[in-house]
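Novice: Sharing a structure below in structure tokens format, with a few things to ask.
Every read-out reported here was derived from the displayed coordinates using simple, explicitly stated rules and does not represent laboratory data. The structure presented is a predicted model; accordingly, all values stated were derived computationally and were not measured. Every residue, glycine among them, receives a Cβ derived from its backbone with ideal geometry; neighbour counts consider all protein chains shown.
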């Protein structure tokens, strides 16, 4: 199991939870597992999210491995100029 | 992307060779957006709304169509309508609505119709023959007024999932993040300062206006030449807006005369293609400067509330920010980015940040270097400066005391990997600028700044020639010298001279997809792709050498541009230089090339610290920047001169944003200053020599350690200059720009 930290604005979609535990070995599995656990998270995921694994921001890749015990943060997809 | 082959010793990387596009640019040979024509070409012109908000009751184009020189007229009806194909929703729909108004004109300058005629003059004249009946609606251009309960609604239903119920429909996205308990933190503080700050919209101010040449036949096949930061996104968007297949539209990026985030979308390109499809002739459109100001992306304007608590020893005990960003008549203002970046330089136990994306009757905002970050830094770093002043603390020492470092929990959530903020602050403290005496009437300001940086989808192809030279095809338009840095990185891997590598920005028909040149991603992502493509070619070179020696490929290694036998049983053979292998490649298996197609994931975040001296004339309110030093972490500077140029460019643009540049709207909602005479960007005589210090704390996510450098440099200037001006004037400046009238008013209010 990995703990996924959400940004606090998402608590309204997860019944108040800011940390969600899911079973996932890759970034793609993690996003699917989040939606299974909390279907309302589909909207922010569709709007664009990145996943920080131990501080390294994975902008969009769905195949990045998630090591056991790693720190996982869901972030809004970054934009730039 | 795991990197197990990090390189720290370099031959070519870190040198400063001549730029490959230099001769073309100084001799006028380089082709920019407007430097193209085609046989039978028509000239397009766009009719724009004079109203900030108006329902379009009727458009009568018959008189224009009857004009002898006019070959086509288009309105919204000539573009693909929903739902014509999957995908034209969300941002595509917003772009279509911005490119050509639908039911309503949403801002002064919004396109409502366009013509193509046999000359540019005839096209402009024909616009006067188009009759538009408007029903003028109430408008709002100010961010705080746009959020007020009585504000006119720009578009119902534009808000996404994130906006809590009960908010005004003009609030279209909401972001909230942070950690700890800010109230408990404020209770621990010896001093708490709470204040509000405002910044106006500014334009990226690129010297080259938008320009394009579009050709689209009724068979759905087209060609587009345009000045852009990303021709694949232009291809994808134009195809969607015109209802044609993406692959049937070939887009070529011209040389680009500046972009800074403003050329990351399309404006005139789909219009030129729609006119061309109707006229069956090529159509060229070149924006006037006034059109650039009125209808292309300025930054967001911002209104912000900051509260920070500090202990007597300088420790920040809690920080809280509310950031309201106005992004024009469409969703997209980066309130979330402002919120996430604002406190990112600091190691905070208690932090809370809220960002709003607010619509108003202004042009659709576009990125301007690090979108959203400079405004937040202005507000936060001003309050930190005021706390330092009131507590009698050194502003660099306080920032060092609170600085984020490897292992710090970032204000936006994750734990930082190796970062270089502390190194930039230590360099600032040691720099002679920081200890130089100030003259009477001068003030010194410092500020830190943060930006995420980005990777993005990237394709690169490298082909070796028989004579041992190499051609490298990249897909990210060269907005900051990337052809030089790509050639240096390829040279480093191949072991051949920089001059033997020609880098071309490939068109959309000759390379796989590439994201826009944005997010400071090019040297990082196209650079990583170039390194991987070159290594791919080196593998093949080693295979050819191995075959010629009759030994296994894994018994050959590549060193200093040569294949050499390696390992105990490899045998004893003379090294084979690259050109020796390529000379025979036709007879030994065919062409040797290398490729990379993926999304590099590992763009390291970046920090900078700026030191500014300013002098304020109390009689006129005019500010002179007398000294400026930029210190920023580049990870590894591939071509240091270009890195320094990025640093200086960020500072120069920041000086304009801080002191003079602003969108001025009249009560009628019309932009009052849409030419450079009235919108004052800095000129050379406004700027001091901008000193630079390149800090290099390698990014663990890049083979050579590169961090993007293009955007972070715009983050600290607003705050650093505001702090310097506030000290010089003896009054805290809370509104940008700090133009002479505002400074005089502040001096007067201060007695």
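Novice: Binning at 5 Å from 0, report for the range A:2-76 what percent of all alpha-carbon pair distances ends up in each bin.
Specialist: Once binned at 5 Å, the Cα pair distances of the range A:2-76 give 3, 17, 33, 30, 14, 3.
Novice: Let me ask you something else. With bins 5 Å wide starting at 0, give me the P(r) of the range B:537-695 over every alpha carbon pair, in whole percents.
Specialist: 1, 7, 11, 10, 8, 8, 8, 8, 7, 6, 6, 6, 5, 4, 2, 1, 0
Novice: Considering only the range B:440-529, what is the antiparallel percent among its DSSP beta bridges, to the nearest 5?
Specialist: Approximately 50 percent, going by the DSSP bridge assignments.
Novice: Okay, moving on. Compactness ratio of the protein assembly as shown: Cα Rg over 2.2 N^0.38 Å, N = residue count?
Specialist: 0.96
Novice: Could you bin all the Cα-Cα distances of the range B:569-658 into 10 Å bins starting at 0 and give me the percent of pairs in each, rounded to whole numbers?
Specialist: Bins of 10 Å from zero give 11, 23, 18, 17, 14, 10, 6, 2, 0 percent of pairs.
Novice: Using the Kirkwood formula over every pair of different C-alpha atoms, what hydrodynamic radius in Å results for chain B?
Specialist: Evaluated on chain B, it is 27.3 Å.
Novice: Could you list B:663, B:434 in order of exposure, starting from the residue whose Cβ has the fewest other Cβ atoms within 10 Å?
Specialist: B:434, B:663
Novice: With runs of 4+ DSSP H residues as the only contributors, calculate the mean residue ellipticity of chain B at 222 nm using -39,500 (n - 2.57) per run, divided by the residue total and rounded to the nearest 500.
Specialist: -8000 deg cm²/dmol
Novice: So if each residue of separation counts as 0.36 nm, and I subtract the Cα-Cα distance between residue B:685 and residue B:290, what length gain in nm does that give?
Specialist: My answer for the length gained is 139.8 nm.
Novice: Relative contact order (percent) for chain B, with alpha-carbon contacts under 8 angstrom and 6 or more residues of separation?
Specialist: RCO, chain B: 16 percent.
Novice: Using alpha-carbon positions, what is the distance between the centroids of the range B:482-501 and the range A:8-81, in Å?
Specialist: Each part's Cα centre sits 38 Å from the other's.
Novice: Determine the relative contact order of the range A:2-76: mean sequence separation of Cα pairs under 8 Å and six or more apart, normalised by residue count, in whole percent.
Specialist: Dividing the mean separation by the residue count of the range A:2-76 yields 37 percent.
Novice: Using the scaling law 2.2 N^0.38 Å as the reference, what is the normalised Cα Rg of the range B:622-751?
Specialist: Taking the Cα Rg and dividing by 2.2 N^0.38 Å, one obtains 1.25.
Novice: For q values of 0.11, 0.13 Å⁻¹, compute log₁₀ I(q)/I(0) with the Debye formula on a Cα-only model of the range B:210-362, without solvent.
Specialist: Result of the Debye calculation: -0.59, -0.71.
Novice: With N residues in the range B:1-69, what two-decimal value do you get for its Cα radius of gyration over 2.2 N^0.38 Å?
Specialist: 2.36
Novice: Moving on to the next point. Once label points are set 7 Å from the Cα along Cα→Cβ at both residue B:597 and residue B:513, what is their separation, rounded to one decimal in nm?
Specialist: Going from the residue B:597 label point to the residue B:513 one covers 1.1 nm.
Novice: Report the label-to-label distance for residue B:136 and residue B:678 in nanometres (one decimal), using points 7 Å from each Cα along the Cα→Cβ vector.
Specialist: 1.7
Novice: Which whole number in µm²/s is D for the range B:136-269 by Stokes-Einstein, with the Kirkwood Rh taken over Cα pairs at 25 °C and 0.890 mPa s?
Specialist: My calculation gives 125 µm²/s for D.
Novice: For the range B:358-451, just the Cα set please: Rg and Dmax, both in angstrom.
Specialist: In order Rg, Dmax, the Cα atoms of the range B:358-451 give 16.4, 47 Å.
Novice: Within chain B, what percent of beta bridges assigned by DSSP are antiparallel, to the nearest 5?
Specialist: The antiparallel fraction comes to roughly 80 percent.
Novice: Could you work out how far the C-alpha centroid of the range B:337-354 sits from that of the range B:167-216, in angstrom?
Specialist: The range B:337-354 and the range B:167-216 have Cα centres spaced 12 Å from each other.
Novice: Continuing with the same structure: Divide the volume of the convex hull of the Cα atoms of the range B:465-619 by its number of residues and quote the answer in cubic angstrom per residue.
Specialist: Residue-normalised Cα hull volume stands at 181 Å³.
Novice: How far apart, in nm, are two points set 7 Å out from the Cα along the Cα-to-Cβ line at residue A:36 and at residue B:191?
Specialist: Between residue A:36 and residue B:191, the label points sit 5.5 nm apart.
Novice: Over the range B:435-482, what lengths in whole Å, largest first, do the semi-axes of the equivalent ellipsoid take, defined as the square roots of 5 times the eigenvalues of the alpha-carbon gyration tensor?
Specialist: 47, 17, 9
Novice: Neighbouring Cβ atoms within 10 Å as the yardstick, rank B:338, B:588, B:623 fewest first.
Specialist: Listing B:338, B:588, B:623 from fewest to most nearby Cβ atoms yields B:588, B:623, B:338.
Novice: Compute the semi-axes of the equivalent ellipsoid of the range B:1-156, taking the square root of 5 times each eigenvalue of the Cα gyration tensor, and list them largest first in whole Å.
Specialist: 41, 29, 17
Novice: Follow-up question, since we're still on this one. Using only the Cα atoms of the range B:652-712, what do you get for the radius of gyration and for Dmax, in Å?
Specialist: For the range B:652-712, the Cα-based Rg and Dmax read 18.3, 54 Å.
Novice: Taking neighbour counts of Cβ atoms within 10 Å as a proxy for exposure, in what order, fewest first, do B:186, B:323, B:79, B:704 appear?
Specialist: By the 10 Å Cβ count, ascending, the order reads B:186, B:79, B:704, B:323.
Novice: With every atom except the alpha carbons ignored, what do you get for Rg and Dmax of the range B:609-694, in angstroms?
Specialist: So, for the range B:609-694, Rg and Dmax equal 15.9, 50 Å respectively.
Novice: Please compute the volume of the convex hull spanned by the alpha-carbon atoms of the range B:305-417 and report it per residue in Å³.
Specialist: 101
Novice: If you build the convex hull over the alpha carbons only and average its shadow over all orientations, what do you get for the range B:671-747? Give it in nm² to one decimal.
Specialist: Computed as one quarter of the Cα hull surface, the answer is 8.4 nm².
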